[in-house]
Amino acid sequence: MHEMSIAMNIIDIACKEAKKDGASSISSIELDVGKLSGVMIDSLNFCYESVCKGTLAENSTLSINEVPARANCKKCNCSFEIDSFMALCPECEGYEIEILQGRELKLRAVSVN
Amino acid sequence: MCDTCGCGSDSTTFRKHGEDHHHHGDGHHHTHDHHTHDHSDDHSHDRTISVEQDILGENNLLAQRNRGYFEAKNVFAINLVSSPGSGKTTLLEKTLTALKEEIPSAVIEGDQQTMNDADRIATTGVPVLQINTGNGCHLDADMIHTAYGELKLQDNSALFIENVGNLVCPALFDLGENKRVVVISVTEGDDKPLKYPTMFDAADICIINKIDLLPYVQFDVEKCKEYALQVNHKLEFFEVSATTGAGMDSWYEWLKEMSK
């Protein structure tokens, strides 16, 4: 359940930003969550609901943009989409790949009023 | 537990072996805002603030601070991760007993409850601090910062951090370690790297433990290594039995080399 810590971090960052802006409440929080970030989106949503209570973000919505994962083959240098860490290169079937994107865990924007 | 949200995050305790009291960390600092004050009309309209921040940014920053401290004191820090029961504590007991004359060491033990592991480590004579995370499923960089402050690390030493037994959550939390070591035992399935890839992706070293039990279990070492390499082709392996000592010499040699 590391999603609980992550939900708490999200609320911390969002509330700090909202306060700096002098906002009275947060209506939504936008995230980038990579496919290989190690975070379960259902679990994050569940934790978020309980953590946002009593904060500026109470009753806000969490908008999650799931970032697909991409990798580059170190052998033949081709770039391709992957859906797990175990992906093989579709061209040469090598597994020496470098993950280019998909680990994101980022708070993009906070909508406030 | 936090009275406001019940999150349990301040239930972490730090206790040295032999101390009969513990203290709480001051890590609980998330926001509980209540917004009962009036706001000017200037701010009454909806607007979007661009943030673009890493959600684990604060932990990563604290981890970098730990890393800087370790570098300045020439402390080689290892984060040991695994599922519960893979033999991390036995591996540590044997390692510390074998190397304590050559490498001054200290240990941070992470478990949800009990001093059991710290008590076991203490019998080796190496300084140890137990972190009990309460409901927490992983150690984080702030806990490590508090813990090594208590331990008063020596210059030119090694710090072994035994993370909470959990093959999922600790993967995401950088502690500032030099190397992350994932331990898997042959009594688990050889497909563990495929089932828990995030942890194997985040590790530098994979120790396959309890190899003395190979005749009695269906565990294919080569298959396990192949799976792990599919997840992370940079992984290095040690095949050991902490109980019998088989394969431990090459692990000790590696530690000595890294701790120079």
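Numerical summary
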item	result
Residue identified as touching an Asp or Glu at 6+ places or on another chain (Cβ under 6 Å), modelled with pLDDT of 95 or more and farther than 19 Å from residue B:21 by Cα among B:156, B:163, B:178, B:79	B:79
Every residue from region A:17-30 that is within 7 Å of chain B (Cβ to nearest Cβ) and without any contact (Cβ under 8 Å) to a residue 12 or more places away in the chain	A:22
Among the candidates A:31, A:62, A:105, A:36, residue that is in contact with a helix residue (DSSP H, G or I) (Cβ under 6 Å, 6 or more places away or on another chain) and crowded, with 16+ Cβ neighbours inside 10 Å	A:62
Test: residue in region B:118-125 that is free of Cβ contacts under 8 Å to residues at least 60 places away in the same chain and within 14 Å of chain A (Cβ to nearest Cβ)	no
Matching entry among B:228, B:246 (being more than 22 Å from the chain's Cα centre (by Cα) and at pLDDT 95 or above)	B:246
Qualifying positions in region A:39-59 - buried (at least 19 other Cβ atoms within 10 Å of the Cβ), of a type in the set (Ser, Thr, Tyr) and outside any loop (DSSP other than H, G, I, E, B)	A:48
Residue that is surrounded by fewer than 21 Cβ atoms within 10 Å (Cβ to Cβ), free of Cβ contacts under 8 Å to residues at least 24 places away in the same chain and among the small types (Gly, Ala, Ser), where the choices are B:250, B:259	B:250
Criterion violated by residue B:221 - all others in (1) touching a Leu at 6+ places or on another chain (Cβ under 9 Å); (2) within 13 Å of chain A (Cβ to nearest Cβ); (3) more than 16 Å from residue B:87 (Cα to Cα) satisfied	(2)
Test for residue A:65: is it part of a loop (DSSP other than H, G, I, E, B), free of Cβ contacts under 8 Å to residues at least 60 places away in the same chain and either within 8 Å of another protein chain (Cβ to nearest Cβ) or closer than 30 Å to residue A:15 by Cβ (or both)	no
Qualifying position, being within 19 Å of residue B:53 (Cα to Cα), among the acidic types (Asp, Glu) and out of contact with any Cys (no Cβ under 6 Å at 6 or more places or on another chain), among A:42, A:12	A:12
Qualifying residues in region A:68-90 (those that are part of a strand (DSSP E or B) and of a type outside the set (Asp, Glu)) - the one farthest from residue A:27 (Cα to Cα)	A:73
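The values are calculated or read from the model by the stated rules, or taken from the named source; none is laboratory data. All figures in this text were calculated on a predicted structure; none of them were measured in a lab. As a convention, Cβ positions derive from the backbone with ideal geometry for all residues, glycine included, and neighbour counts pool all protein chains shown.
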